[in-house]
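As structure tokens, the structure follows; a few thoughts come after it.
The values are calculated or read from the model by the stated rules, or taken from the named source; none is laboratory data. Quick caveat, the model's predicted, so the values are computed rather than measured. Positions of Cβ are generated from backbone atoms using ideal geometry, with glycine treated the same way; all protein chains shown enter the neighbour counts.
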């Protein structure tokens, strides 16, 4: 089977989506399929080093230049299955809608923000236009694969099609995450490497600066917990450089020396941090799936996350759940109190209870085996490849 994977351009600097594309491509090549990956080159985006200008120039590459290049390549290639690895690449459906295709859907947070509005998050005028272009594209597709039931539900609120038209395949972990019997040794190694004292453990968070990752909430929650409980575990935050608001909150905290930001962290160290952490603190507002929950559990790390789907889909009965943070001051205090209590509960687990939680987490994470996910996706690809799409009704 010929498979053409469409991916985000490298000049956007994304990490999770290119990894997802590579997992799909390598997995299908391993299964004997003919695989190619297509994505826009930095024709216009390469003309500027300024982030804002580069972003807008990049739209020309993505929305004008690449479609012309892709259509030209398609005419010279044997027909295959065209795979959009993210529904955010929806504008390209304009030249793929009459070909055999499938669209992977991750999260519709931006679409929901434009449609219904989300507390504390505003979409600018240009953002609304761009999301409209994306929506106009992916709604022309017929076949979808969603990473969670939550994502499928959100899709069908936008595209009124039968549930059977969208299949759910939970993400498979695209790296090997494993527990360790050498937690103390890893903590000692990381302490030396990072010039920190992590010997007693630490609270861990990983995520980007998108509003829904709630990094501000993580810092506030940590500060509140440290203020009200007699413990001194540091907070290690891995992701991009902190925003001005995050830096301000960390610097004004009485425990600022224990709030540590790290960016450009290699995969090997991320795995070590998961395995050595006392707990992963992941209070996201929303997710399409929630990779860190599964990654932490597979690494033997307990998880505190938001008690809403899809975090509950991934965490199952093993994660510790807290409410979603409110932007209203009075309600935020309640959230901080609840969150601090749960942090205290987790770090105070007896040795036996902690071992049980870790064991259950490892077992839960087995649901997200990459080979199982790829096998399921391969079956779907084959069905879409063989379907007589000319007789398929348009959604």
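Remarks
- When residue 168 is tested against (1) under 17 Å from residue 83 (Cβ atoms); (2) touching a residue at least 24 places away in the same chain (Cβ under 8 Å), only condition (2) is not met.
- Pairs where the first residue, in the range 343-360, is without any contact (Cβ under 8 Å) to a residue 12 or more places away in the chain and the second is part of a helix (DSSP H, G or I) and surrounded by 16 or more Cβ atoms within 10 Å (Cβ to Cβ), C-beta under 7 Å, 6+ apart: none
- Only helices (runs of 4 or more DSSP H) whose full extent lies in the range 299-395 are considered here, and the ones with at least 1 residues that are in contact with a strand residue (DSSP E or B) (Cβ under 8 Å, 6 or more places away or on another chain) and within 26 Å of residue 213 (Cα to Cα) are 311-315, 329-347, 351-365.
- Tally, over the range 322-360, of residues that are closer than 18 Å to residue 280 by Cβ and surrounded by fewer than 16 Cβ atoms within 10 Å (Cβ to Cβ): 10
- Residue among 68, 96, 63 that alone is surrounded by 15 or more Cβ atoms within 10 Å (Cβ to Cβ) and more than 23 Å from residue 377 (Cα to Cα): 63
- Selection of the range 245-280 for residues being without any contact (Cβ under 8 Å) to a residue 24 or more places away in the chain and either within 19 Å of the chain's Cα centre (by Cα) or within 23 Å of residue 355 (Cβ to Cβ) (or both) yields 264, 266, 268.
- Among the residues of this structure, residue 150 does not count as one that is assigned by TED's automatic domain parsing to the domain that holds residue 92, surrounded by fewer than 20 Cβ atoms within 10 Å (Cβ to Cβ) and touching a residue at least 60 places away in the same chain (Cβ under 8 Å).
- Criterion: more than 17 Å from residue 286 (Cβ to Cβ), at pLDDT below 95 and over 24 Å from the mean Cα position of the chain (by Cα) - qualifying residue of 190, 126, 173: 190
- Any hit, the range 70-89, residues being under 25 Å from residue 310 (Cβ atoms), part of a loop (DSSP other than H, G, I, E, B), assigned by TED's automatic domain parsing to the domain that holds residue 168 and touching a strand residue (DSSP E or B) at 6+ places or on another chain (Cβ under 8 Å): yes
- Checked against (1) surrounded by 15 or more Cβ atoms within 10 Å (Cβ to Cβ); (2) within 23 Å of residue 376 (Cα to Cα); (3) touching a residue at least 24 places away in the same chain (Cβ under 8 Å), residue 19 passes all but a single condition, namely (1).
- Residues satisfying the stated conditions in the range 127-151, i.e. in contact with a helix residue (DSSP H, G or I) (Cβ under 7 Å, 6 or more places away or on another chain) and part of a helix (DSSP H, G or I): 128, 131, 133, 134, 135, 137, 138, 149, 150
- Test for residue 98: is it modelled with pLDDT of 90 or more and either farther than 30 Å from residue 216 by Cβ or in a strand (DSSP E or B) (or both): yes
- Taken over the range 1-25, the criterion of being under 16 Å from the mean Cα position of the chain (by Cα) and assigned to a helix (DSSP H, G or I) is satisfied by 12, 16, 17, 18, 19, 20, 21, 22, 23, 24.
- Residue identified as in contact with a helix residue (DSSP H, G or I) (Cβ under 9 Å, 6 or more places away or on another chain) and modelled with pLDDT under 95 among 339, 288: 288
- Unique match (being free of Cβ contacts under 8 Å to residues at least 24 places away in the same chain, more than 17 Å from residue 135 (Cα to Cα) and surrounded by fewer than 16 Cβ atoms within 10 Å (Cβ to Cβ)) among 46, 32: 32
- Across the range 59-115, the qualifying residues are those that are free of Cβ contacts under 8 Å to residues at least 40 places away in the same chain and in contact with a helix residue (DSSP H, G or I) (Cβ under 6 Å, 6 or more places away or on another chain), and the one among them that is farthest from residue 11 (Cα to Cα) is 114.
- Flag if residue 107 is assigned to a loop (DSSP other than H, G, I, E, B) and under 22 Å from the mean Cα position of the chain (by Cα): yes
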